[in-house]
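J.: Sending over a structure as structure tokens; questions will come in a sec.
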Amino acid sequence: MYLIKTNENGVILGQAESEIRQLPQASVIPDPVTDRAAIRFPNPQWAEVSFFLFNAFGQTVREIRFGATDRIMLDRQGLPSGEYQFLIGAGTKRLAQGRLILK
């Protein structure tokens, strides 16, 4: 089972923009990010979550799985400066979305 389907280059396939816009916004501290960021989001079912980070081209550049939580720490190691979007989900349910800037 997958949360979002991507092709071999990590580009999202069949993602409805209107579906993503309806998701709650996660909070990112600090923003912009220099080294690490704390990301908080709603997780009412306290489910295990997956974090997907996308570059400006919509390619998945990082995918991380976490246990049941409502906050995660993102280490920018290996990621170039720029604007990114992310999606957080539990199983097939999308929980939150957001944007962050890496300086």
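J.: Looking only at segment 91-103, count every residue that is over 9 Å from the mean Cα position of the chain (by Cα) and closer than 13 Å to L23 by Cα and tell me the total.
T.: Within segment 91-103, the subset over 9 Å from the mean Cα position of the chain (by Cα) is 91-95, 100-103.
If we keep only those that are closer than 13 Å to L23 by Cα too, we end up with 93-95.
Total satisfying the criteria: 3.
J.: Among the residues of segment 89-103 satisfying the criterion of being basic (K, R) and in contact with a strand residue (DSSP E or B) (Cβ under 8 Å, 6 or more places away or on another chain), which is modelled with the lowest pLDDT? Walk me through it before giving the result.
T.: Step one: list which residues in segment 89-103 are basic (K, R), which gives 93-94, 99, 103.
From what is left, the residues that are in contact with a strand residue (DSSP E or B) (Cβ under 8 Å, 6 or more places away or on another chain) are 94, 99, 103.
Values: R94: 90, R99: 95, K103: 95.
The residue in question is R94.
J.: Out of L23, L53, report the one residue that is without any contact (Cβ under 8 Å) to a residue 60 or more places away in the chain and crowded, with 17+ Cβ neighbours inside 10 Å. Working first, answer last.
T.: Values: L23 fails: without any contact (Cβ under 8 Å) to a residue 60 or more places away in the chain.
Among L23, L53, only L53 is without any contact (Cβ under 8 Å) to a residue 60 or more places away in the chain and crowded, with 17+ Cβ neighbours inside 10 Å.
J.: So is A68 surrounded by 13 or more Cβ atoms within 10 Å (Cβ to Cβ), farther than 14 Å from L23 by Cβ and either among the aliphatic types (A, V, I, L, M) or modelled with pLDDT of 95 or more (or both) or not? Quick ask: steps written out before the conclusion?
T.: Numbers: surrounded by 13 or more Cβ atoms within 10 Å (Cβ to Cβ): no; farther than 14 Å from L23 by Cβ: yes; either among the aliphatic types (A, V, I, L, M) or modelled with pLDDT of 95 or more (or both): yes.
The answer is no for A68.
J.: Just to be sure I understand, how many residues within segment 73-89 are surrounded by fewer than 18 Cβ atoms within 10 Å (Cβ to Cβ) and under 19 Å from L23 (Cβ atoms)?
T.: Just the residues of segment 73-89 that are surrounded by fewer than 18 Cβ atoms within 10 Å (Cβ to Cβ), to begin with: 73, 75, 77-83, 85.
Filter again for under 19 Å from L23 (Cβ atoms), leaving 83, 85.
Result for segment 73-89: 2.
J.: I need the full set of residues from segment 19-41 which are at pLDDT 95 or above and either farther than 25 Å from L79 by Cα or part of a loop (DSSP other than H, G, I, E, B) (or both), in order please.
T.: Of everything in segment 19-41, those that are at pLDDT 95 or above and either farther than 25 Å from L79 by Cα or part of a loop (DSSP other than H, G, I, E, B) (or both) turn out to be A26, P30, P32, T34, D35, F41.
J.: Within segment 45-103, how many residues are closer than 15 Å to V28 by Cβ, of a type in the set (D, E, K, R) and not in a loop (DSSP other than H, G, I, E, B)?
T.: Counting residues in segment 45-103 that are closer than 15 Å to V28 by Cβ, of a type in the set (D, E, K, R) and not in a loop (DSSP other than H, G, I, E, B) gives 5.
J.: Select from segment 32-46 the residues that are surrounded by 15 or more Cβ atoms within 10 Å (Cβ to Cβ) and in contact (Cβ under 8 Å) with a residue 40 or more places away in the chain and list them in ascending order. Write out each step before concluding.
T.: We begin by selecting, within segment 32-46, every residue surrounded by 15 or more Cβ atoms within 10 Å (Cβ to Cβ); these are 33, 37, 39-41, 43.
The answer is V33, A37, I39, F41, N43.
The values are calculated or read from the model by the stated rules, or taken from the named source; none is laboratory data. Given the structure is predicted, the values throughout are model-derived calculations rather than measurements. Please note: Cβ atoms are built from the backbone with ideal geometry, for glycine as well, and neighbour counts cover all protein chains shown.
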